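Peer 1: I have a structure here, written as structure tokens, and I will follow up with some questions on it.
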Amino acid sequence: MSVPSVLIAAWARSAVVPHGGALAQLQAHEIAAPVVHALLARAGLSPAAVDTVVVGNALGAGGNPARMVSLAAGLPETCAALSVDTQCCSGLDAVSLGAALIASGQASVVIAGGVEAWSRSPIRLTRPRHMGEAAVAYERPPFAPDPAHDPDLLLSAARYAAHHGYTRTQQDAYAAQSHQRAVAHKTDMAPEIVAVAGVLHDPYPRSITPERAARMPTAAHTDALALAHSQTQAGAQGADCSISRLGVSAKADGAAFVLLVSAPALKRLGLQAQAQWVSSASTGCAPDTPLLAAQHAATQALQRANITACRALHTIELHDAFAVQGLSFAHALGIPPEQLNPRGGGLARGHPIGASGAVALVRLLANLAQDGAVGAQGLVAVAGAGGVGAAAIVARC
């Protein structure tokens, strides 16, 4: 029995704006609603035709962000609203879930993606267990039940870099290239961006010289145990494998959405298919090293699409939360790092956690539309805290 086609009729995103910047006063639904309006306008579709909204969000601390987005955007009150929290994978997992709803016949027109208002994230407290105890504030929840296997994400990345000999110089060169590409392609990316709070471009990318990179403060050193192990690896002894601020994707606010439709709905509503959803994967790996989850998910998505070599792909978008993640991802897929993120990645834009995977998907779709032939395929991937990963393959129509 064949799986019904899932088609993409439009996409849109806000600018990715650093934490505390121009979007800092907006709640998540206030960032998302203008993007949804633009998405529908680009497709030429009435809000009344949408039957489901699936929204990824990581820092909203409960509630139903998808319902807030749906109502704020003026979608029908009857519209189903599903919220997804798989941390950094949320936005891409939301789109995969929307595609699955269409493929299974449970929906025909779906708006899916992610939004994050990191600047407005609630202050979180752990409730006291006993009378007289004070509530304790915390910045991040646990991502694994055993604290020994739930390291700080920066420390985990630094351990991995030291263990595998990825030097700070290599990481900074990768990150600087991401910024350089984003600056060079600022005009190319303008059409995909919707004005929210008057921002029409990603403000974070900047020119990074080697001298400027060398002055960047250190974000994370590895610990003594991992460092001792790394010094037994060939070529790693004595190398500086710390992670600089340049090699970390910055905190950010933003939103990105795509319009998914079934083939019958496309015809009935008179829409134009821009791309086709080919395959996807959501998977996990050891929570100690969550950055590896993206490459595991990408491998599964490629297998499900019967793609045996990445050279068959037109473009690959990875939300690289760390430069060492991009280097490891490229090595695992057998490609040069230069093949990733041709117009800059998450390191150059920033990291609106629940939206980052959806932003990378919009970037992929825009790349295919700008310079991909009909039928050209692309891969998008992202990893999340706790050792979860998401990936998808799409093709230009």
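All of the numbers you see were taken from the coordinates with simple rules; none came from a lab. Keep in mind the model is a prediction, meaning the values are calculated, not measured. All Cβ positions, even for glycine, are placed from backbone atoms using ideal geometry, and neighbour counts span all protein chains on display.
Peer 1: I'd like the orientation of helix 293-304 relative to the chain: the angle between its Cα long axis and the longest Cα principal axis, in ° from 0 to 90, rounded to 10.
Peer 2: It is inclined by approximately 40 degrees.
Peer 1: Please compute the net charge surrounding Ala381, taking Lys and Arg as +1 and Asp and Glu as -1 over other residues with Cβ under 14 Å from its Cβ.
Peer 2: -1
Peer 1: How big is the charge dipole of the range 126-278 about its Cα centre, in debye rounded to the nearest 20, if each Lys and Arg gets +1 on its Cβ and each Asp and Glu gets -1 on its Cβ? Don't jump to the answer; show the numbers that get you there.
Peer 2: Details: 14 positive and 13 negative charges, 80 e Å.
The calculated dipole for the range 126-278 is roughly 380 debye.
Peer 1: Then there is this: Given charges of +1 on the Cβ of Lys and Arg and -1 on the Cβ of Asp and Glu, with all other atoms neutral, how large is the dipole of the range 144-227 about its Cα centre, in debye to the nearest 20? Can you show the working numbers first?
Peer 2: Numbers: 7 positive and 9 negative charges, 81 e Å.
Here the size comes out at about 380 debye.
Peer 1: If you don't mind, there's one more thing I want to ask. If each of Ile335 and Met131 carries a label point 7 Å out from its Cα toward its Cβ, how far apart are those two points in nm?
Peer 2: 6.2
Peer 1: As a footprinting exposure proxy, order Ser328, Ser242, Ser356 by other Cβ within 10 Å, with the fewest listed first. Mind showing how you got there, number by number?
Peer 2: Working: Ser328 23, Ser242 18, Ser356 34.
So the ranking, lowest neighbour count to highest, is Ser242, Ser328, Ser356.
Peer 1: Residue farthest toward the positive end of the dipole of the chain, with Cβ of Lys/Arg at +1 and Asp/Glu at -1: which of Thr169, Ala323, Leu379?
Peer 2: Farthest towards the positive end: Leu379.
Peer 1: Right, here's the next one. Against the longest alpha carbon principal axis of the chain, how many degrees, from 0 to 90 and to the nearest 10, is the axis of helix 28-43 turned?
Peer 2: Taking the Cα atoms of the chain, the angle to 28-43 is about 50 degrees.
Peer 1: Could you tell me which GluC sites (Glu not before Pro) in the range 93-158 are loop residues by DSSP with no more than 10 other beta carbons within 10 angstrom of their beta carbon?
Peer 2: Details: sites: Glu116, Glu133, Glu139; in loops: Glu133, Glu139.
Qualifying residues, ordered by number: Glu133, Glu139.
Peer 1: Work out the FRET efficiency for Ala309 and Asn64 from their Cβ-Cβ distance, taking R0 = 56 Å, and round it to the nearest 0.05. Mind dumping the intermediate values first?
Peer 2: Values: r = 42 Å, r/R0 = 0.75.
Here the calculated transfer efficiency is 0.85.
Peer 1: Normalising by the residue count of the chain, find the relative contact order in percent from Cα pairs under 8 Å and 6+ residues apart. Could the numbers behind the result be given before it?
Peer 2: Details: 1007 pairs, mean separation 107.2, N = 397.
Relative CO of the chain lands at 27 percent.
Peer 1: Right, something else. If you count, for each residue, the other Cβ atoms within 10 Å and average over each peptide, how do 249-255, 181-187 line up from highest to lowest?
Peer 2: Working: 249-255: 27.9, 181-187: 15.9.
Packing proxy ranking, top to bottom: 249-255, 181-187.
Peer 1: On to the next question. Expressed as an acute angle from 0 to 90° and rounded to the nearest 10, what is the orientation of the C-alpha long axis of helix 153-164 relative to the principal long axis of the chain?
Peer 2: With rounding to tens, the tilt is 60 degrees.
Peer 1: What is the calculated FRET efficiency for His149 to Val183, with r their C-beta to C-beta distance and R₀ = 45 Å, to the nearest 0.05?
Peer 2: On the way: r = 39 Å, r/R0 = 0.86.
Calculated value: 0.70.
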